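Novice: The structure that follows is given in the form of structure tokens.
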Amino acid sequence: MASVDIRDVKKAFGSHAVIHGVSVGIDDGEFVVLVGPSGCGKSTLLRMIAGLENITAGEIRIGDRVVNQLPPKARDVAMVFQNYALYPHMTVAANMGFSMQLRGTPKAEIEKRVARAAEILGLAPLLERFPRQLSGGQRQRVAMGRAIVRDPQVFLFDEPLSNLDAKLRVAMRTEIKALHQRLKTTTVYVTHDQIEAMTMADKIVVMHDGIVEQIGEPLDLYDRPANLFVAGFIGSPAMNFMKGRLESGRFVADGGAAVPVANGAAAKSGRATLGFRPEHIAVADDGIETRVVVVEPTGSETQVVVESGGQEIVCVFRERIAAQPGETLRIRPNPQLVHLFDETSGQRLN
């Protein structure tokens with residue numbers, strides 16, 4: 001195991017820059033998730049750690065070694081890809097042990113490590129099967145097993161669950177997290193799915209357009225997003241936003257709705273953007289008057305889309321709501337849990 005230290009790393013393809021001076025510290029044994037929309041640079045950064053992409057500027061350390069100029073095989077990392085990358089003509093056991101075979105590892109050692117990895121991943125009954133005889137989840141476990149047998153310093157995962165159906169994705173992310181808790185190997189995991197990031201990570205790195213927007217523990221990012229981008233990206237359903245003014249301890253939206261604000265925000269004034277999460281809204285007789293657009297009961301909760309001043313607001317209620325489309329519903333965001341952002345820069349104000 002080893003730490004990974006990314007220092008002011010940049011990447012350009014010709015004149016087109018895609019990574020703009022990213023710095024991230026990953027502690028020994030930590031599970032770090034790089035998350036962001038497609039094209040934000042997260043997979044490129046992962047490939048630079050692996051040695052599959054050259055670094056234009058900056059420095060990457062794995063343990064106490066600068067690895068900028070080292071080939072992938074010398075970095076002691078193991079990568080799990082989105083498309084499994086299994087050899088179709090080899091059995092599960094042969095796929096898992098092939099990299100060690102190339103390095104000249106004795107056959108007995110290969111068999112021992114493959115058996116150990118198969119036991120950890122529940123693959124023991126499948127070792128003589130071929131990839132075509134496996135389900136998507138089983139193939140992904142074989143790809144993970146191939147990484148485990150190498151006993152690397154760092155695991156790298158590049159959107160490993162994106163080819164799986166929704167139910168299997170939930171099961172596999174639990175398996176990967178449990179695997180990390182068992183092996184304690186430093187792990188860097190790339191995904192565009194913020195639910196995966198929230199449920200799996202010790203630390204999340206939110207990326208956007210080749211820069212790091214915020215680094216922190218999952219609930220830190222949820223509770224105190226640094227800017228509008230992070231606020232809108234972390235959380236499902238996404239945070240609601242309103243533009244308006246702060247005045248006399250309340251926020252007055254451009255559409256006329258007034259929302260009380262608490263804590264340090266009450267002393268501020270001027271233009272701002274108010275953010276509040278769908279689950280931090282209550283029905284209140286003295287709340288904002290809205291018109292119900294859509295009601296979506298899911299059993300455990302009810303999602304209601306309402307409209308106020310020409311803007312849609314998504315609400316999530318744990319209790320059953322009897323409202324029907326077209327009816328009036330008065331709602332109030334929790335004043336203690338609202339977020340305020342600078343209208344121009346998007347940076348957090350409170």
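The values are calculated or read from the model by the stated rules, or taken from the named source; none is laboratory data. If you're wondering where the values come from, they're calculated on a predicted model, not measured in any experiment. As a convention, Cβ positions derive from the backbone with ideal geometry for all residues, glycine included, and neighbour counts pool all protein chains shown. Note: accessible area is taken over every heavy atom of the protein model, side chains too, but ligands, DNA and RNA are not part of it. Shrake-Rupley method; radii C 1.70, N 1.55, O 1.52, S 1.80 Å.
Novice: Per residue, how large is the accessible surface of the chain? Use a 1.4 angstrom probe and give square angstrom.
Specialist: Accessible area per residue, the chain: 46 Å².
Novice: Looking at the chain, what % of its DSSP beta bridges pair antiparallel, to the nearest 5?
Specialist: 75
Novice: Using a Förster distance of 25 Å, how high is the FRET efficiency between V283 and E217, based on the Cβ-Cβ distance and rounded to 0.05?
Specialist: E between V283 and E217, to the nearest 0.05, is 0.20.
Novice: Right, something else. F13 to A178: FRET efficiency via 1/(1 + (r/R0)^6), r the Cβ-Cβ distance, R0 51 Å, to the nearest 0.05?
Specialist: About 0.85, to the nearest 0.05.
Novice: Let me ask something else about it. Rounded to two decimals, what is the ratio between the C-alpha radius of gyration of the chain and 2.2 N^0.38 Å? Intermediate values should be presented prior to the final figure.
Specialist: Working: Rg = 24.2 Å, N = 350, 2.2 N^0.38 = 20.4 Å.
Normalised by 2.2 N^0.38 Å, the Cα Rg of the chain equals 1.19.
Novice: For the stretch 105-242, what's the relative contact order in percent, using C-alpha pairs closer than 8 Å and at least 6 residues apart?
Specialist: 15
Novice: Given contacts defined as C-alpha pairs under 8 Å and at least six residues apart, what's the relative contact order of the stretch 207-255, whole-number percent?
Specialist: 20
Novice: Can I ask one more? Compute the distance from the alpha-carbon center of the stretch 294-350 to that of the stretch 1-78, in whole Å.
Specialist: 39
Novice: What does the charge count near G97 come to, summing +1 for each Lys or Arg and -1 for each Asp or Glu among other residues with Cβ under 14 Å from its Cβ? Mind dumping the intermediate values first?
Specialist: Details: positive: R103, K107, K112, R113, R116, R146, R150; negative: E109, E111, E128, D151.
It works out to a net charge of +3.
Novice: Can I ask one more? Which of I55, I321, I26 moves the most in a Gaussian network model of the chain with Cα springs under 10 Å?
Specialist: I321
Novice: Right, something else. For D151 and S236, compute 0.36 nm times the residue count separating them, minus their Cα-Cα distance, and round to one decimal in nm.
Specialist: Length gained, D151 through S236: 27.0 nm.
Novice: Hey, rough spin-label estimate for S162 and Y87, points 7 angstrom out along Cα→Cβ, what's it come to in nanometres?
Specialist: 2.7
Novice: Express in nm, to one decimal, how much length is gained between E111 and L52 on full extension, taking 0.36 nm for each residue of separation and deducting their alpha carbon distance.
Specialist: Working it through step by step, the gained length comes to 18.4 nm.
Novice: Return the lysines within reach of K268: Cα separation strictly under 30 angstrom, same-chain partners fewer than 8 residues apart disregarded; answer none if there are no such residues.
Specialist: K243
Novice: For the chain, what is the relative contact order in percent, using Cα pairs closer than 8 Å and at least 6 residues apart in sequence?
Specialist: 16
Novice: Next up: Starting from the Cα of E59, step 7 Å along the direction of its Cβ; do the same at K73; then give the gap between the two resulting points in nm.
Specialist: Placing both labels 7 Å along Cα→Cβ, they lie 2.8 nm apart.
Novice: Further question: I need the calculated FRET efficiency for the pair R291 and I195, taking r as the beta carbon distance and R₀ as 41 Å, to the nearest 0.05.
Specialist: Efficiency, from the Cβ-Cβ distance: 0.85.
Novice: May I ask you to list the lysines whose Cα is less than 24 Å away from that of K10, ignoring any residue fewer than eight positions away on the same chain?
Specialist: Straight-distance partners of K10: K42, K73, K203.
Novice: Give me Rg over Rh for the stretch 69-199, both radii from the alpha carbons and Rh done the Kirkwood way, two decimal places.
Specialist: Radius of gyration over Kirkwood radius for the stretch 69-199 works out to 0.95.
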